[in-house]
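The values are calculated or read from the model by the stated rules, or taken from the named source; none is laboratory data. Bear in mind that the values here come from a model prediction, so they are computed numbers and not experimental data. Here the Cβ positions follow ideal geometry from the backbone for every residue, glycine too, while neighbour counts run over all protein chains shown. Note: areas computed on protein heavy atoms with side chains; ligands, DNA, RNA excluded. Shrake-Rupley method; radii C 1.70, N 1.55, O 1.52, S 1.80 Å.
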Amino acid sequence: MNNFILSLDQGTTSSRTIVFDDVANIVSSSQLEFQQYFPQSGWVEHDPMEILSSQLWTLKEAMQKVKFTLGDKFTIGITNQRETVVAWNKKTGKPYYNAIVWQDTRTSNYCKELQGKGYSDLLKNKTGLVLDSYFSASKMNWIINNVPEAKIGLDNNELLFGTIDTWLIWNLTKGQSYVTDVSNASRTLLFNINSCQWDEELLSIFEIPLECLPEVKSSSDDFGFFEFNDQKIPINGVAGDQQAALFGQCCFEKGMAKNTYGTGCFMLMNTGDKKISSNNGLLTTIAWKINGKITYALEGSVFVAGSAIQWLRDGLQIIENASASEKLALEANPNNEVYVVPAFAGLGAPYWDMYARGGILGLTRDSGIAEITKATLDSLAYQTKDVLDAMMKDANIPLTSLQVDGGACANNYLMQFQSDILRTDIDRPICKESTALGVAFLAGLQANIWSLEDILKVRKTEKIFQPIMDEATAQAKYRKWNKAVSRIREWSE
Ligand code: ADP
C-alpha cells in the first residue's frame, strides 16, 4: 500500500497539481494556464468557474499518470494565490461576479478614505497588515456595493465570500464544507491575528456580515472529502502560497527564513509563537496553525527582482536568456564598481519611496555589458539584504539560515554573492516546488503519513552556499549600495 499526496496549487496565472509519494518525490504533475481579465485600468479579474475547471483538469490529468494499486491511500493539500476574492450564491453555486485578484487596485480610493478616518493603526494592530486594496476586505465591500445581485443575495442570506481555497473546497466537497485556514484568513484584513478569529469591529468597518465568511480551521485539519474514482479523498492541508513555501522549506524554527526569487522576491521569516509588529513597513502574518499552536511570520517583498533580468534580456537586449546572466557576471571585471538600482516603479520595504527611480551608477569607460549584468544580479542580493535586515531589526532575531527557491535561485553566481553579502548559509533544496511541497507536508501531517521529524528528513538540500568573500569587502560593497540607493531616492518627485 502506498500513500500519495495530491497538491493543488492554484496560482495567479495557472492551476497546477503535483502528486507526491510519501517520501516527497514528485510522481506526476500537470499545469494549465487560464485567462486574465483586465476590464479597466488597474482592474484584474479571473473567472471562478475557469479557476475551478482548470484546477480539476490538472487534478485528473496528474492522477491519470500515477500508477496506483488497489488499497493505495490519497490525501489532498490546497495552496493558492492569496487575497483574491470570490462571491457566490450558496443555493445555486453560481458566482455573482468574477474573482477580484490581489493585484486589482479598484478599491484604492476607498482604502484611502478609510485611512483618512484613522483606521490604519487599528487595522495594523489587529491584522498585522496595512490598509491597502491588495487585501480581501475592500474587494468584498466593492462587490456588495457594485453588484446588485450580490446585494440581493446578501439580503437573502444566500451570499458566500471566500478566498480561492474556500471556493475550491466548497466545490470539491459539493457544498458540504465552507471553510478556510488561518494563513488565508490572515490576509483578508478581517481576521484578528491575536485572538485568531474574525473580528466584529473589522467586519463592521468593511460592512461584511459574519454569516458570509467561512469557518477558519488549522492549516493541517479535516476540511472535507472529495469524491474521485469512487474514493472519498480527504482534504487535509490548506495554506496560502507564501506560507506554504515557508513550510515546504522546513523553516520550522524561529529565525529561519525563505526567499523566493521570482518576478519579485517574497521573503518570510518564522518568528515563532510571537506576533511581531514591524516598524519598517513589513507585514505580520500567521504562517500556520498546527495542533492548536499558531506560528507567526514577518513578510517582506522586493518589487523588481527576476523582472530586472528580463529587462536585461528584453529592454537592453544584452543577454539572450536569463540563465546567460550567470556566465556574463563571472566574466565581469571584479574591480569595476557599477551599481544598478532597479527601482523602476519606486522602492518598497524598507524605503517605501514611490518617487525613487532606477539608476546605473559608478560607470567608468571600461564598464560594459558584463559589468551591468553582474550589477543587476547583485541588486537582487542587496535588496534581499535590505529586507532581511529590516526583519531582523523588527524581530530582534538573528537570521539562522536562508532557504531559497524560485526561478532565479538557479543562478549560482547570484546565490554565492547572496551568501557573501548576508554572511549566512544559503540552502537550495533539490525540490524547488516549495509551495506544493509545503501543503503536501501539511496534509501529510494530518493524514499521519509524516511527523515533523520525518519531514525534516524528507527535505533534501541540493547545494549550500557559504560566505567566501572577506567580510570587510562585503560590508564595503553593501555601504556603496546604500550610497547608490540614496542617489536615486525621490527622483521623480
Ligand atoms: P514567477 O513565479 O514570479 O513567474 P519564477 O519563479 O518562474 O517567477 O522565476 C522567473 C524569473 O526568474 C524571471 O523573472 C527570470 O528573469 C528569472 N530567472 C530565471 N532563471 C534565471 C537565472 N538563471 N538567473 C537569473 N534570473 C533568472
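Compute for segment 88-169: radius of gyration divided by Kirkwood radius, i.e. Rg/Rh, restricted to C-alpha atoms, rounded to two decimals.
1.00
Checking every one of the trypsin sites (Lys or Arg not before Pro) in segment 162-232 against DSSP loop status and a limit of 14 other Cβ atoms within 10 Å picks out LYS174.
Computed over segment 291-403, the convex hull of the alpha-carbon atoms projects to a mean area of 9.6 nm². With R₀ fixed at 35 Å, the C-beta to C-beta distance from LEU122 to GLN40 puts the FRET efficiency at about 0.70.
With no solvent and one equal point scatterer placed on each C-alpha of segment 3-238, evaluate the Debye formula and give log10 I(q)/I(0) for q = 0.09, 0.10, 0.17 Å⁻¹, two decimals. Ignoring solvent entirely, the Cα scatterers give -0.38, -0.47, -1.23. Whole-percent P(r), segment 130-193, all Cα pairs, 10 Å bins from 0: 20, 44, 34, 2. Rolling a 1.4 Å probe over the heavy atoms of the protein chains gives the chain an accessible area of 41 Å² per residue. Taking all Cα pairs closer than 8 Å and separated by 6 or more residues, the relative contact order of the chain comes to 14 percent.
Please go through segment 399-464 and write out the trypsin sites (Lys or Arg not before Pro) that DSSP classes as loop and that have at most 11 other C-beta atoms within 10 Å.
Within segment 399-464, the qualifying trypsin sites (Lys or Arg not before Pro) (loop, at most 11 other Cβ atoms within 10 Å) are LYS460.
Helical content of the chain, expressed as a calculated mean residue ellipticity at 222 nm, amounts to -10500 deg cm²/dmol (DSSP H runs of 4 or more residues, -39,500 (n - 2.57) each, divided by residue number, nearest 500). On the basis of the beta-carbon distance and an R0 of 22 Å, ARG365 and LEU330 show a calculated FRET efficiency of 0.50.
For segment 147-160, backbone phi angles converted through the Karplus equation (6.51, -1.76, 1.60; θ = phi - 60°) give residue-by-residue couplings of 10, x, 5, 5, 5, 5, x, 5, 5, 8, 6, 10, 8, 10 Hz, Gly and Pro being listed as x.
Beta bridges from DSSP with both residues in segment 3-238: antiparallel share about 70 percent, rounded to the nearest 5.
When the solvent-accessible area of the chain is split by element, carbon and sulfur atoms take up 49 percent of it, the probe being 1.4 Å.
Quick one: net charge around ILE5, please, counting Lys, Arg +1 and Asp, Glu -1 for every other residue with C-beta under 9 Å from its C-beta.
Computed value for this residue: -2.
Of all beta bridges that DSSP places with both ends in the chain, some 70 percent have antiparallel geometry.
Here segment 266-298 is scanned for amide nitrogen atoms under 11 Å from the site 7 Å beyond the Cα of THR400 along Cα-to-Cβ, giving 270-272.
Size descriptors for segment 1-120, from the alpha-carbon set: Rg then Dmax equal 18.5, 62 Å. The Rg/Rh ratio for segment 172-313, using Cα coordinates for both the radius of gyration and the Kirkwood hydrodynamic radius, is 1.03. Since only TRP142, TRP198, GLN103 are under comparison, the one whose Cα sits farthest along the positive direction of the charge dipole of segment 3-238, derived from C-beta charges on Lys, Arg, Asp and Glu, is GLN103. Looking at segment 46-142, the chymotrypsin sites (Phe, Trp or Tyr not before Pro) that sit in a DSSP loop and have at most 16 other Cβ atoms within 10 Å of their own Cβ are PHE68. Per residue, the convex hull spanned by the alpha carbons of the chain comes to 143 Å³. In terms of Cα atoms, the Rg and Dmax of segment 406-493 work out to 18.8, 57 Å. The simple spin-label model puts a point 7 Å past each Cα toward its Cβ; for ARG487 and LEU456 those points are separated by 4.7 nm. As a length-normalised measure over Cα pairs under 8 Å and 6 or more apart, the relative contact order of segment 3-238 settles at 18 percent.
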